[in-house]
1. Tell me the label-point distance for the pair A:Gln147, A:His163, using the 7 Å Cα-to-Cβ offset, in nm and rounded to one decimal.
2. Using Cα centres only, tell me the gap between the range A:677-696 and the range A:384-423 in whole Å.
3. Once the piece of chain linking A:Arg557 and A:Ala175 is laid out straight, how much longer is it, given 0.36 nm per residue of separation minus the C-alpha distance between them?
4. For a quick check: with amide H placed at 1.01 Å from N, whose amide H comes under 5 Å from A:Asp166's, ignoring anything fewer than 5 positions away on the same chain?
5. In chain B, what % of DSSP beta bridges are antiparallel (nearest 5)?
6. Quote the charge dipole size of the range A:197-352 about the Cα centre in Debye, to the nearest 20; the model charges only the Cβ of Lys and Arg (+1) and of Asp and Glu (-1).
7. Can you work out the FRET efficiency for the pair A:Phe813 and A:Arg751, with r the C-beta to C-beta distance and R0 = 30 Å, to the nearest 0.05?
8. Can you tell me how much longer the chain between A:Val846 and A:Thr307 gets when fully stretched, taken as 0.36 nm per residue apart minus their C-alpha distance, in nm with one decimal?
Amino acid sequence: MFRDLWHRMRAVFRRKLVETELDEELQFHLERQVEKYVQGGLSKEEAWRRARMEFGGVELAKEECRDARGVNFIESVLQDVRYGVRTLGKNPGFTAVAVLTLALGVGANTAVFTVVNGVLLRPMPFPEAERLVLVSLTPRGGPFEWQPGVSDRDYLTFREQDHAFDRIASFTLQATANLTSAGDPVQIPVAYVTTDFFPTLRTNPAIGRGFLAEEEEPGRDSVVVLSNELWKERFGADPGILGKTVRLDGISRSVVGVMPPGFAFPNARVWVPLKIRVDEHNSFTRPVVGRLKPGVTPQQARAELETFAERQPLGPGESKRDRRPQIIPLKDLLVANIRPSLLVFTGAVAFVLLIACANVANLFLARAAGRGHEMALRSTLGAGRGRLVRQLLTESTLLSLAGGACGILIAFWSVPALLALAPAGKVPRMEMIRMDGWVLAYTFGISVITGIVFGLAPAFHATRRDVRETLSHAGRGVTASHERMRGALTVSEIALALVLLTGAGLLLKSFLRLRTVNPGFSPHTVLTITVDLPDSTYRTAAQMRAFHARTLAELARLPGVPASGAVNLLPLGGFLTMGTFQVEGGRRPPGFMVDKPCISPGYFRAMGIQLLRGREFTETDNETAPGVVVVSQSVARTLWTGQDPVGKRISMEDEPKPEDWLTVVGVVDDVRQRGLATGSDPAIYQPYLQISSAFFLSHMTFVVKTASRPESVAAGIRTVLRSVDKNQPISIASMDTLIAATTAELRFQARLLTAFAMVSLVLTIVGIYGVLAYSVAQRTREIGVRMALGAQGADVLGMLLRKALVLTLAGIFLGGASALALTRVLEKFLFEVKPADLSTYAAVAVILTLSALAACYVPARRGMRVDPMVALRYE
Amino acid sequence: MPRIDLPQGTLDLLILRTLALEPQHGWAISERIQQISSDVLRVQQGSLYPALHRLERRGWIKARWGTSENNRRAKYYELTKTGRKQLEVEKDAWDKLTVAVAQVLGTAQG
């Protein structure tokens with residue numbers, strides 16, 4: 001073992017000495033042999049000739065000795081690297097094109113992997129995060145199925161019974177609160193958490209403490225933990241923050257802790273204690289996180305949860321099958337939605353790299369033809385084929401490593417650009433995204449693999465040629481198989497590009513379709529202001545109505561505002577309340593549920609929602625007046641086909657008393673409430689002045705139609721709101737922006753995939769160009785002969801075009817077949833476009849064909865200008 | 001008499017056997033093998049040296065520079081202790097192999 005190592009080291013570090021010794025040893029042998037023959041009577045020359053012949057190749061023997069010493073490997077790699085660097089340096093143009101191509105491919109992959117690594121792969125920033133899981137027992141098939149959670153009732157029972165978990169904790173997602181005691185009022189994300197929350201995550205506040213068990217009790221629960229970032233931004237990193245009072249939604253809470261930097265789980269900026277209590281009527285379902293006991297596997301926890309679920313009493317109309325016990329990795333709570341998109345990007349960007357590989361392999365092949373002579377010579381001098389292949393692979397790996405290094409730079413710049421393109425707030429765990437050791441290792445890995453992938457085929461190809469033939473042809477001979485291989489590479493490039501272009505085309509088409517969807521209202525020049533009135537200040541519905549009425553009156557008085565109104569659930573605002581109702585003298589079709597927005601008079605005009613029949617609400621539709629509703633067209637059509645809906649009566653109560661009946665006074669157009677892609681939602685509108693439940697009034701969006709420039713009105717709106725309640729955070733958004741936000745995800749996917757597709761198209765054009773230019777160069781003589789025999793430029797052009805078209809068509813067929821199979825993964829991102837959309841395929845095929853023809857231009861011109869005399873003399 | 005090429009792998013055994021007598025340099029080894037085998041075996045001289053280097057690396061033989069019979073500097077190889085053991089092992093294996101092969105051939109004829 002040590003002797004072996006010593007031998008290796010000696011040969012590496014004392015290379016000169018070892019080489020001299022080897023030379024001397026072999027020389028001695030030959031001389032001794034010659035001596036013997038001379039003594040036997042041969043002439044000196046004849047003796048040398050025979051000795052050499054008997055010995056075989058001296059260089060080959062040396063090479064085998066080096067191999068036998070086992071040191072040759074490291075030694076020859078170093079030699080290959082030196083030689084490779086020299087060779088590449090001699091062809092700066094070739095090297096630059098290859099490195100740039102690879103840098104694009106590797107860079108794009110590194111950039112996407114940086115995001116994937118941060119968002120999907122890096123562990124949650126908690127100690128032993130792999131033991132943290134989500135416990136979920138949600139109803140199957142219900143509207144909440146996609147959201148893991150446990151109902152409060154089940155949570156309390158499970159917490160008593162479970163044996164698999166050290167601790168479990170429940171918390172809220174996506175709650176917000178108005179922070180009013182630190183600078184301008186602002187709405188911040190808040191998480192209500194059970195007092196076990198921080199201990200379960202094993203993360204303690206950096207300053208102060210977490211929640212005590214008794215702090216979930218009313219009266220003791222007015223405490224809060226701040227995020228480090230909020231503490232710095234809003235409280236100037238005040239070291240004496242503990243014990244100070246913060247007002248959240250009008251409630252004073254004393255600060256007991258500040259979390260370490262970066263802690264924001266679950267996307268919150270403050271944490272407030274949550275008491276789980278079981279209420280007779282409602283049962284909240286919230287996410288639940290548990291820390292598995294040491295040695296307990298997620299499978300065991302799941303088995304326990306299944307047993308638990310089976311033992312639970314069933315609610316009315318519930319069956320056992322309705323419950324879905326699941327143990328889910330904690331990370332999924334944040335990343336489950338974005339995972340499919342990221343995987344699609346990863347796949348797409350891998351295609352770009354493959355195309356880059358094919359391109360560089362083509363370049364290598366072209367160059368290998370020119371190096372045939374060199375290869376033949378080295379092989380005659382005793383270099384084995386494996387040795388030559390290794391030499392060429394070393395060169396390709398050097399290239400790809402250089403490409404990888406440039407790729408890291410490209411990724412370094414493009415990751416921020418990528419994130420800037422991404423829809424705001426749609427990329428979770430953004431703070432985890434950075435170039436760490438894993439990213440660098442990944443880049444290194446794909447660079448090496450890339451180098452081998454694009455180097456292998458050309459290397460075997462270049463070393464395969466028959467030595468003697470090549471030498472006698474002075475290295476100019478070109479084999480047909482060589483050209484076949486380049487053709488095959490080009491075809492695969494075209495096929496890969498076609499798949500990417502098709503994917504991008506499908507997404508782009510979906511996006512354009514989605515943009516032209518009529519939402520049922522006209523969003524242009526409409527500003528929106530959403531308020532959340534805290535219970536602590538606005539205790540009754542009447543107080544809330546008073547706030548709305550005052551604000552509406554003031555807004556109406558603003559100059560440049562032709563119409564204004566309010567609605568509690570803004571279309572495309574991400575909220576939806578579906579509900580049932582009763583029809584007087586009729587029956588609601590089973591399963592027919594409606595959206596029930598509460599609106600102010602003027603809302604329809606401000607939003608441009610068309611009134612089709614009857615009237616809209618007025619100020620007199622208040623609590624003393626008879627109850628009225630306006631229904632949307634699809635409600636009218638469903639309930640009263642062929643009849644006049646105006647004057648019909650419905651009720652929102654399950655068992656209406658006489659005073660609960662509401663009269664239909666008007667019919668309006670349908671509106672897309674949930675999203676542009678999901679279709680129109682039937683709605684029954686009620687005047688907010690007739691609503692007595694605070695639940696439907698606390699969240700309200702004011703919509704202001706502006707006459708000309710919306711921004712000139714914005715200042716007035718701020719003044720109005722501040723004058724009505726100075727503690728209200730004000731954020732103004734245009735309706736156009738809100739709509740754009742709902743299509744942002746699709747736009748992002750379409751843009752990114754288009755960018756990848758464009759890169760691949762450019763690489764492919766370069767690839768086609770390379771093959772044709774090479775083909776022209778190789779056939780200069782043939783073209784010369786043809787022209788000398790009377791062929792015209794047009795014939796040469798035709799020959800090249802045929803070649804290009806054959807390659808392109810082959811690529812299109814191959815790519816079309818793959819695209820049909822692969823674009824199915826995009827299905828759930830598409831809108832009103834089938835994955836096998838014929839027009840997209842046709843358009844992509846046309847684009848590729850035109851690009852291929854464009855790539856012919858330069859080589860064709862060169863071919864047509866071949867001077868027969870020059871070409872013939874050249875040979 | 002036609003010479004036969006060495007079967008694969010037997011060169012190592014022959015080298016070890018030759019060196020068991022006395023330390024030798026490469027040329028003498030090849031000469032000795034040919035003499036002992038009465039010129040029947042032909043050692044491809046080019047392949048002798050890689051084999052020597054391989055055996056040296058394995059530690060079965062060691063090399064030192066000495067003076068040759070014609071007063072030249074030459075690289076002499078000699079058997080090490082492990083090399084001597086290895087020679088026994090390989091000789092044993094070889095004997096078994098030849099006996100076995102002879103038996104098979106004999107059976108096939110009979």
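All of the numbers you see were taken from the coordinates with simple rules; none came from a lab. Everything numeric here is computed off the predicted structure, so don't read it as measured data. Here the Cβ is made from the backbone with ideal geometry for all residues, glycine too, and neighbour counts use every protein chain on show.
1. 3.4
2. 57
3. Numbers: separation 382, 0.36 × 382 = 137.52 nm, distance 3.34 nm.
Roughly 134.2 nm would be gained on extension.
4. A:Arg291, A:Leu292, A:Lys293
5. Values: 9 of 11 bridges.
Of the beta bridges lying entirely in chain B, close to 80 percent run antiparallel.
6. Values: 22 positive and 17 negative charges, 73 e Å.
In debye, rounded to 20, the range A:197-352 gives about 360.
7. Working: r = 29 Å, r/R0 = 0.95.
Efficiency for this residue pair is about 0.60.
8. Numbers: separation 539, 0.36 × 539 = 194.04 nm, distance 5.94 nm.
So the chain would gain 188.1 nm between A:Val846 and A:Thr307.
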